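Below you'll find the structure, written out as structure tokens, and then a few comments.
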Ligand SMILES: *[C@@H]1O[C@H](CO)[C@@H](O)[C@H](O)[C@H]1NC(C)=O
């Protein structure tokens, strides 16, 4: 009996120990594979850290992000998240570094109220300005909050292609360096419409090649800034809080839009039709370069971002369209504008 008892006990102990060992082992294995994932990710994104402490700190953030990605992707959503280039940043760090749309209290950048597409009947079922050759490659603003310049330049590249038939990659750096209007503040935020105002006053914009991007605000190079490759004559605001009006504009040309792009899901977006969560606090500027409808019927805006090709769908995001409230998803219909040839 005693023997049996002791045998039972040791069997139980063995079982408990076994479970304990296997849990610890699998946790260690998870840690190891997570650490491998992090190393793999660092290689893919060319990321290095200054020391062991920084590596450990970034690993912890990466791990938390991957856990969020996995639990999100296990749910039922129209889009997936993934460990993209922002996977080792907390959401607070991400927002501080990449969102440079500045909403001033007095919106002095408002254009005159005219909206040239108000009676437009030319609104096809879907539009993708990339297939019309009106969109340049996806650019990367890096760690400079000048999304506003990238948004405006992409819209200007579009209207330039439509009016001259030439697709020219134009200079964001010229806008960042030379638009010293108090509304616009280089890497610390600005307005796409402020960029349009500068470009009109300046008489045009030079090419990306002539005035390349440096990821920082420098002194305006007057010689380059007066060597124009393209011009615009004006800009107009799309009537605010009206997705139908935005549709008429985007049906006719690429349009600068402001969005709330600081959310955790937006940071780690990978593919599919993004449907939030996000708010209406406009903190990022991008360019709407089309629209369409997914195979499951979900309508979307096709949006060009300036975070390189490794974010989202090769640098693009599809954002849900016709959401049923005026501001549009993430406020996409709140502050849209476009240049005129
Ligand atoms: C749109 O149509 C209305 C009514 O015909 C007209 O008054 C307005 O000028 C038109 N707008 C544009 C931009 O052509």
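The values are calculated or read from the model by the stated rules, or taken from the named source; none is laboratory data. Only a predicted model underlies this, so the values are computations on that prediction, with no experimental measurement involved. Ideal geometry is used to build each Cβ from the backbone, glycine not excepted, and the neighbour counts take in all protein chains shown.
The table that follows gives values for the structure above.
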quantity: Region 114-173, residues that are within 16 Å of the ligand (Cβ to nearest atom) and out of contact with any strand residue (DSSP E or B) (no Cβ under 7 Å at 6 or more places or on another chain); calculated: 117, 118, 119, 120, 121, 122, 123
quantity: Every pair of residues 6+ apart whose Cβ atoms lie under 9 Å, when the first sits in region 117-135 and is at positive phi and modelled with pLDDT of 95 or more while the second is assigned to a loop (DSSP other than H, G, I, E, B) and exposed (fewer than 12 other Cβ atoms within 10 Å of the Cβ); calculated: 133/165
quantity: From 63, 80, residue being more than 16 Å from the ligand (Cβ to nearest atom), assigned to a strand (DSSP E or B) and at pLDDT 95 or above; calculated: 80
quantity: Residues within region 164-177 that are part of a helix (DSSP H, G or I) and buried (at least 24 other Cβ atoms within 10 Å of the Cβ), tallied; calculated: 5
quantity: Unmet requirement for residue 165, which otherwise passes all of (1) free of Cβ contacts under 8 Å to residues at least 60 places away in the same chain; (2) within 17 Å of residue 236 (Cα to Cα); (3) out of contact with any helix residue (DSSP H, G or I) (no Cβ under 7 Å at 6 or more places or on another chain); calculated: (2)
quantity: Residues within region 179-204 that are surrounded by fewer than 23 Cβ atoms within 10 Å (Cβ to Cβ), in a helix (DSSP H, G or I) and in contact (Cβ under 8 Å) with a residue 24 or more places away in the chain, tallied; calculated: 3
